[in-house]
Amino acid sequence: MGTAEERPGPERGEARTAGEEFEIRIKGRVGEAFRTAFAELAVTVNPPETILHGAGLDQAALYGILDRIQALGLELVEVRRLPGGRGGANGPGPARRT
């Protein structure tokens, strides 16, 4: 009955993105009110961008952050996986730029 996609375990690739570090760049300065939406991230304002840094993010957490960015009407500039993460060759794909 169950397919490989329904079964937990390594065949589904569960552990391959755990512990990744990401840098997310947003156009403009994000004020204090917006920073509360990203409490789990380190926020650095480096005009003309705001840089969000997250460590230990899995793919679901990353997509959740990207959804919040969109819901808040912020302009995404870049998403980049930082070197040294545990994903290796099986980790997330190349950096996204918009």
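The values are calculated or read from the model by the stated rules, or taken from the named source; none is laboratory data. Computed from a predicted model, the values in this text were never measured in an experiment. Using ideal geometry, Cβ is built from the backbone for each residue, glycine included, and neighbour counts are taken over all protein chains shown.
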For segment 33-59 the number of residues that are touching a Ser or Thr at 6+ places or on another chain (Cβ under 9 Å), more than 11 Å from Glu21 (Cα to Cα) and of a type in the set (A, V, I, L, M) is 2
Give the residue that is surrounded by the most Cβ atoms within 10 Å (Cβ to Cβ), with candidates limited to residues of segment 11-35 that are closer than 20 Å to Gln59 by Cβ and at pLDDT 85 or above. Ile24
Out of the residues in segment 36-67 that are among the hydroxyl-bearing types (Ser, Thr, Tyr) and surrounded by fewer than 17 Cβ atoms within 10 Å (Cβ to Cβ), which is modelled with the lowest pLDDT? Thr36
